[in-house]
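Shown next, in structure tokens, is the structure this report addresses.
The values are calculated or read from the model by the stated rules, or taken from the named source; none is laboratory data. Remember, predicted model here, so these are calculated numbers, not experimental data. Note that each Cβ is placed from the backbone with ideal geometry, even for glycine, and that neighbours are counted across all protein chains shown. Accessible surface areas use protein heavy atoms only, side chains included; no ligands, DNA or RNA. Shrake-Rupley method; radii C 1.70, N 1.55, O 1.52, S 1.80 Å.
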Amino acid sequence: MKSMEEWDWAPGKKIVADLEKWQSGYAAVEEPYVSPDGEKIAAIVKTEEESYTVCVNGTPWEKTFDKVWSLRFSPDNRAAALVSDTAEWSVAVDGATWENWFEFVWNMQFSKANSAIAVAAQNARSYFAVLDDTPWETGFSSMNNLTVSRNGETLAAVVQTTAVKEGDINAFQKGCFSVAVNGVAWKNAFVNAWEIDINPDNRLVAVEVRHSLYDYSIAINDEMWPSSFSAIWRPRFNPVDNSVTAPVKSAGEWCLAKDGELFWERRYSQLWHHFYSTDGKSIAAVVAPTYGKWTIAENDTPWDLTFKELVMDAVYSPDNRHIACLGKTDGKWYVALDGKAWPTPFDRAWPPVFSPRGEDVAVKVEIDGKYAIAVNGKLLDIPFAVAWNPVFSPDGKKLLVKGIGTGKDEGKYCRHILETESLPRK
Amino acid sequence: MATTEPKANDEPIVLDDAIIEGAEKLSEEDIAQVINDMIRTEGGARFKAYLNTCMSCGYCSGACHYYLSRDKEPRLAPAAKVKQTLGEFVRKKGRVSRETLMRSCEIAFTDCNLCRRCMMYCPFGIDVAFLMLFVRRVCHKLGVVPRYIQDTAHSHSATMNQMWVQEDEWIDTLQWQEDEARDEIPDLRIPLEKEGADVYYSVIGPEPKFRAQLIYQAAVLMHAAGIDWTMTEFPGWDNSDMCMYTGDIEMTARLKKVHFESALRLRSKRIVMGECGHAFRSVYDVGNRFLGWKMPPIEVVHAVAFYDELLAEGRLKIARKFERPVTFHDPCNIVRGQGLHEKARSVVRQSCETFIEMEPNREHNFCCCAGGGVINCGPPYKNKRVKSNRVKAEQLMAAREKGAEVVIAPCHNCHGGLEDIIHHYKIDIEIKFLIDILFECMEK
Amino acid sequence: MYDIYALARGPLAWGAFIVFFGGIIYRLAAILLEARKKDHVVYAYFSPYYAMRSMLHWIVPFGSRSMRQQPILTTVTFAFHICLIGVPLFLFAHIILFKESFDISWWTLSGMAAQVMTVIVLLSCVYFFVRRIVQPDVRYLSSTADYLILLLVVLPFATGFWAARGWAGFEIATLLHMLSGELLLALIPFTKLSHMFFFPLTRIYAGSEFGAVRNAKDW
Ligand code: SF4
Ligand code: SF4
Ligand code: SF4
């Protein structure tokens, strides 16, 4: 796997592909996807023979299929898609299909660190996961919330361990759902289980559960917190000490709980999507301190800045010193950094991206029907008809900007490398 | 002085075995404790103001189709439903018998569609639907809920959809509909997970399960109008919500979170939803509130408003108008729920030759008697549901006499309810969705 | 006799007014605070325009479809409420008392008008009573409290009418009038009669939700 340092970071603009030309070669071209390094652009295409394949930088895969969907690039820049042939389904990676074929596959995911590919699959109404072409040995009568660990070694999913007939409410309430880790289900069953988190060394799996119609808790490796709450959201492992926190509802208000006990002091109208700094020392979350007002709370202290409609896509900078997020008020999207919003709002915005040392923030935005990249509050003067999220180089000196241009670059997919020194400063 | 026993009811007291089983597990102490806890923690200002202010004047009685259809049975007057349920809870300080609890459960779940018509007829604007929902929440907490709707709530919790549709079945249905539609329009797509698409289209669980042709028709309409749209591959595609009707508001919150967050993740500009009334209510002013979103975090557009907009912008063109005379049923949840009645009429007038109004109409239309989760309480209550909406039958018959051959109802539940009514009262009228009409009449 | 009269004229009257106003303030404050805690939607969606719109439709006679559907009830209800509030507020005999005590006065009704209006109140009460007994749904809805508050209203008006006519025993009637009037006043905040000041609250909420959020009429 080519590391990010090895990507082409030479400043300048490169036209990678002219998509207008693709149109003439095929019966239909679907929306394009771009590799993380920006060197490849791909789309599902329909050939003149009524079959489908993937076209990468103008060259189609050799094989064609009855159907192709869910085209995505892995973190290591391979193009992967779900494909079918004679009513069977598999995964094709850079044109080569897996050996295994299934009655259906979906929910393709990549592990962040090493680009392992996971999918959910079904054969004869039995559900299981597949990791890099290796299916689980056991199947279940249903499967949801498939989650892949960072290094791709662990796959966990909520599975149904006891079948229930429709209408059998008593059986359901006894608990029919559990968690399968790498194909092996936990012993305990719950009424429901939902979102999963896997700790960094893959040994621990935490999941939010409901163990009666009214009691919500967190189970970690098949062991439930002794306490229950009236509602709960996704748990998170502390990246350093493996403690688990989750937003919980208690006495009608939300609070962050840690290892089964109420942890933060303040009570919120809503609290969710909490996340850790990499050193595990700080926790931040999206909160509504009062009804209809949204902000970020870091270590239980909310920002003064609030938004009326929502706050989302919050992240710590890699150096853990800053937090950036998106906020929406009166239909306009704002980027907020450490409790201050950039002055100009956008029609739409995508997740903020920090430079490695946290000094710059770049965001893909939409304004008046055009896309652009905003850096530190100012728009770069490169208009796009379609754009992808920007990427900083590991040394923070370059910014990779990817998009399909406008004007003389119309229909052309370009890759720009900009020097961060030339970017607008805060 | 005061109350007399009402005349004997022709229904057996409790029809649902799940209600009986649930109640049998409870002692009077259990019941009292839950009722009193609920009143203490959730019986807020509205609850108190409504209960204190009702003057027992009966202005609301004539608003309710149950009351009118069942020969003005006093116990079916909206305020009477409150009196028999919460009235008893409060009067007896929670110490009500199992029988009262079971009756309360049936009243709240199957004698009220939460249609909010009576709220428009009460001088004080007392929201009987709100109070019936309070009763339902108490029933939920006590585990005394009709079987069918409880099962639906279970499905929601396990699959995030109403109909136990598995993740692959959903995708498979969309691909199947896409294939079908391609026979008609070769370059048609049902784009899945298309990030950044303008429109995120969501439907209710029964569409993939029973009415997949509606997805087909929607895809053709999106294609004809040139809409940049998408649907999600993942749970969250279902905008419906029976948990809001069983009183499991924690689950409603979870369902709506998944729904909104999938649209936000795809960063669509707005959610357009199919023709469903209750789902609109859940997304527009119920579920979002439970989550702390004062208004939906992303604009939600009901199909009716969407069609009207497409016609007004000329993106959708009518090739030839629908010839048979039509009438229109105003679904409570999008009319009293968002005032879409004029937009609906504008779509009907643009697409149909002859439009005949039902009386009463717009905000004053009678509910179909299926809504509020009543049809979801299943077969045990079908007979009652149909008998309790004679007024709807009369309304339809009058429209039929004026010449209407088709009744358009842009709501799934209304379809179920009206179908049963049309069948039972033998009314010679056909029922259609608005999209059925548009699909037939538009330029493709 | 004179002592009781003095009591009714002085401390009891004071007491009734204090309980009346104090009670209203207390009940309103309590409910508004409770709404802050448990019903934040009431504040969150408050819209002055739609609240007023809704109010107007419901304080104008026949302003709603519901009122038009029940013309007799609506006519009686409006006549009743106008007279019920008008008579005590503009009765010459009452104004005199205010004049004596506080040296303030305002426009008054003629004696004849006041008597006619009193009769309207009394006849309305008879109508309400009969309706409560005769109409099955209302009969079913009615509880003892509903009948008692009718009596509570009838008493001061009946005795007041008696006193004003100067019929035999009018001194007693006057006394009873004062006592029952004070009782009525003091009980308003703590019985269903509190609908008098809850009306605006529930309507403001209904009007705001219907108008500002749901884009629909509520009348
Ligand atoms: S069914 Fe509708 S009109 Fe009847 S009580 Fe319920 S909300 Fe009111
Ligand atoms: S109209 Fe309103 S005040 Fe009158 S009985 Fe019905 S709910 Fe009570
Ligand atoms: S099903 Fe239709 S008519 Fe019935 S309550 Fe729902 S929206 Fe109203």
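For the range A:270-289, name all the residues that are within 14 Å of chain B (Cβ to nearest Cβ) and closer than 19 Å to B:Arg254 by Cα.
A:Gln270, A:Leu271, A:Trp272, A:His273, A:Ala285, A:Val286, A:Val287, A:Ala288
Could you tell me whether any residue of the range C:67-82 is facing another protein chain (nearest Cβ under 9 Å) and either small (Gly, Ala, Ser) or within 20 Å of B:Leu51 (Cα to Cα) (or both)?
No, because not a single residue in the range C:67-82 is facing another protein chain (nearest Cβ under 9 Å) and either small (Gly, Ala, Ser) or within 20 Å of B:Leu51 (Cα to Cα) (or both).
What about B:Ala108, is it surrounded by fewer than 24 Cβ atoms within 10 Å (Cβ to Cβ), within 24 Å of the chain's Cα centre (by Cα), within 30 Å of A:Ala231 (Cα to Cα) and near ligand 1 (Cβ under 10 Å from one of its atoms)?
no
Scan (1) open to solvent by 10 Å² or more (accessible area, probe 1.4 Å); (2) within 12 Å of another protein chain (Cβ to nearest Cβ) for the single condition B:Tyr121 breaks and write down its number.
Of the numbered conditions (1) open to solvent by 10 Å² or more (accessible area, probe 1.4 Å); (2) within 12 Å of another protein chain (Cβ to nearest Cβ), the odd one out for B:Tyr121 is (1).
From B:Gly22, B:Gly44, B:Gly62, grab the single residue that is touching an Asp or Glu at 6+ places or on another chain (Cβ under 7 Å), more than 16 Å from ligand 3 (Cβ to nearest atom) and either within 14 Å of chain C (Cβ to nearest Cβ) or among the small types (Gly, Ala, Ser) (or both).
On the way: B:Gly22 fails: touching an Asp or Glu at 6+ places or on another chain (Cβ under 7 Å); B:Gly62 fails: touching an Asp or Glu at 6+ places or on another chain (Cβ under 7 Å).
Criteria check complete, one pass: B:Gly44.
Somewhere in the range B:76-95, is a residue in contact with a Pro (Cβ under 7 Å, 6 or more places away or on another chain) and either aromatic (Phe, Trp, Tyr) or within 14 Å of ligand 2 (Cβ to nearest atom) (or both)? Talk me through it step by step, then tell me what you get.
Just the residues of the range B:76-95 that are in contact with a Pro (Cβ under 7 Å, 6 or more places away or on another chain), to begin with: B:80.
With the extra rule that they be either aromatic (Phe, Trp, Tyr) or within 14 Å of ligand 2 (Cβ to nearest atom) (or both), the set shrinks to B:80.
Looking through the range B:76-95, at least one residue is in contact with a Pro (Cβ under 7 Å, 6 or more places away or on another chain) and either aromatic (Phe, Trp, Tyr) or within 14 Å of ligand 2 (Cβ to nearest atom) (or both).
So, in the range C:171-219, of the ones that are under 26 Å from B:Trp293 (Cβ atoms) and surrounded by fewer than 18 Cβ atoms within 10 Å (Cβ to Cβ), which residue ends up farthest from the chain's Cα centre (by Cα)?
So, considering only residues that are under 26 Å from B:Trp293 (Cβ atoms) and surrounded by fewer than 18 Cβ atoms within 10 Å (Cβ to Cβ), the one farthest from the chain's Cα centre (by Cα) is C:Asn215.
Residues in the range A:164-211 that are open to solvent by 30 Å² or more (accessible area, probe 1.4 Å) and closer than 28 Å to B:Leu142 by Cα: how many?
Final tally of qualifying residues: 11.
Conditions (1) under 19 Å from C:Tyr2 (Cα atoms); (2) touching a Pro at 6+ places or on another chain (Cβ under 9 Å); (3) modelled with pLDDT under 95; (4) among the aliphatic types (A, V, I, L, M), marked per residue:
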position: C:Ala158; (1), (2), (3), (4): no, no, no, yes
position: C:Phe170; (1), (2), (3), (4): yes, no, yes, no
position: C:Ile188; (1), (2), (3), (4): no, no, no, yes
position: C:Phe199; (1), (2), (3), (4): no, yes, no, no
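Somewhere in the range B:346-358, is a residue more than 28 Å from B:Ala224 (Cβ to Cβ) and either of a type in the set (A, V, I, L, M) or more than 16 Å from ligand 3 (Cβ to nearest atom) (or both)?
Checked against the condition, which is being more than 28 Å from B:Ala224 (Cβ to Cβ) and either of a type in the set (A, V, I, L, M) or more than 16 Å from ligand 3 (Cβ to nearest atom) (or both), the range B:346-358 yields at least one hit.
Out of (1) open to solvent by less than 20 Å² (accessible area, probe 1.4 Å); (2) out of contact with any Asp or Glu (no Cβ under 6 Å at 6 or more places or on another chain), the odd one out for A:Phe73 is which?
(1)
So A:Ser250 clears everything in (1) within 14 Å of chain B (Cβ to nearest Cβ); (2) within 25 Å of A:Lys187 (Cα to Cα) except one condition, right? Which one?
All conditions pass for A:Ser250, except number (2).
Of (1) in a strand (DSSP E or B); (2) within 10 Å of ligand 3 (Cβ to nearest atom), B:Asn413 satisfies all except one. Which?
Answer for B:Asn413: the failing condition is (1).
Taking the criterion of being without any contact (Cβ under 8 Å) to a residue 40 or more places away in the chain, away from chain C (no Cβ under 12 Å) and aliphatic (A, V, I, L, M), would at least one residue in the range B:104-117 satisfy it?
Looking through the range B:104-117, at least one residue is without any contact (Cβ under 8 Å) to a residue 40 or more places away in the chain, away from chain C (no Cβ under 12 Å) and aliphatic (A, V, I, L, M).
Filter the range B:66-94 down to the residues that are part of a helix (DSSP H, G or I), more than 7 Å from chain C (Cβ to nearest Cβ) and surrounded by fewer than 23 Cβ atoms within 10 Å (Cβ to Cβ) and list them by number.
Passing the criteria: B:Leu68, B:Ser69, B:Gln84, B:Gly87, B:Glu88, B:Val90, B:Arg91.
Could you pull out every one of the helices (runs of 4 or more DSSP H) wholly within the range B:212-287 that has 3 or more residues that are surrounded by fewer than 24 Cβ atoms within 10 Å (Cβ to Cβ), touching a residue at least 40 places away in the same chain (Cβ under 8 Å) and away from chain A (no Cβ under 12 Å)?
Numbers: elements: B:212-225, B:243-246, B:249-265, B:277-281.
Those helices (runs of 4 or more DSSP H) span B:212-225.
The rows are residues; the columns are (1) assigned by TED's automatic domain parsing to the domain that holds B:Cys276; (2) among the basic types (Lys, Arg); (3) open to solvent by less than 20 Å² (accessible area, probe 1.4 Å).
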| site | (1), (2), (3) |
| --- | --- |
| B:Lys321 | no, yes, no |
| B:Arg336 | no, yes, yes |
| B:Gly339 | no, no, yes |
| B:Glu342 | no, no, no |
| B:Ser346 | no, no, no |
| B:Gln350 | no, no, no |
| B:Glu353 | no, no, no |
| B:Met358 | no, no, yes |
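Give me the pairs: first residue in the range C:120-138 and within 13 Å of chain B (Cβ to nearest Cβ), second residue of a type in the set (Lys, Arg), beta-carbon distance under 7 Å, and six or more apart or on different chains, which are they?
Filtered contacts from the range C:120-138: C:Arg132/C:Arg139; C:Ile133/C:Arg139; C:Pro136/B:Lys72; C:Asp137/B:Lys72; C:Val138/C:Arg131; C:Val138/C:Arg132.
Out of the residues in the range B:130-157 meeting the condition of being touching a helix residue (DSSP H, G or I) at 6+ places or on another chain (Cβ under 7 Å) and within 16 Å of ligand 2 (Cβ to nearest atom), tell me which one is nearest to the other protein chains (Cβ to nearest Cβ).
So, considering only residues that are touching a helix residue (DSSP H, G or I) at 6+ places or on another chain (Cβ under 7 Å) and within 16 Å of ligand 2 (Cβ to nearest atom), the one nearest to the other protein chains (Cβ to nearest Cβ) is B:Phe130.
I'm trying to understand the selection: among the residues of the range B:368-379, which are in a helix (DSSP H, G or I), away from ligand 1 (no atom under 14 Å from the Cβ) and either open to solvent by less than 50 Å² (accessible area, probe 1.4 Å) or away from every other protein chain (no Cβ under 14 Å) (or both)? It would help to see each step written out before you state the result.
So in the range B:368-379, the residues in a helix (DSSP H, G or I) come out as B:375-377, B:379.
Still in the running and away from ligand 1 (no atom under 14 Å from the Cβ): B:376, B:379.
B:Asn376 - this is the single residue of the range B:368-379 that is in a helix (DSSP H, G or I), away from ligand 1 (no atom under 14 Å from the Cβ) and either open to solvent by less than 50 Å² (accessible area, probe 1.4 Å) or away from every other protein chain (no Cβ under 14 Å) (or both).
Step by step: first the residues of the range B:15-42, then only those that are modelled with pLDDT under 95 and part of a loop (DSSP other than H, G, I, E, B), then the one that is most open to solvent (accessible area, probe 1.4 Å). Which residue is that?
B:Leu15
Please enumerate the residues belonging to the range C:13-41 that are in contact with a helix residue (DSSP H, G or I) (Cβ under 8 Å, 6 or more places away or on another chain), open to solvent by 40 Å² or more (accessible area, probe 1.4 Å) and modelled with pLDDT under 95.
Once the filter is applied, which keeps residues that are in contact with a helix residue (DSSP H, G or I) (Cβ under 8 Å, 6 or more places away or on another chain), open to solvent by 40 Å² or more (accessible area, probe 1.4 Å) and modelled with pLDDT under 95, the range C:13-41 yields C:Arg36, C:Lys38.
Part of a helix (DSSP H, G or I), more than 9 Å from chain B (Cβ to nearest Cβ) and either more than 30 Å from B:Gly87 (Cα to Cα) or of a type in the set (Asp, Glu) (or both) - does that describe any residue in the range C:197-212?
yes
Taking the range A:2-51, which residues are at positive phi and within 21 Å of the chain's Cα centre (by Cα)?
Within the range A:2-51, A:Gly38 is the sole residue that qualifies.
Condition check ((1) of a type outside the set (Ser, Thr, Tyr); (2) surrounded by fewer than 20 Cβ atoms within 10 Å (Cβ to Cβ); (3) within 23 Å of the chain's Cα centre (by Cα)) across all residues:
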| residue | (1), (2), (3) |
| --- | --- |
| A:Ala297 | yes, no, yes |
| A:Asp304 | yes, yes, no |
| A:Val315 | yes, yes, yes |
| A:Lys328 | yes, no, yes |
| A:Val335 | yes, no, yes |
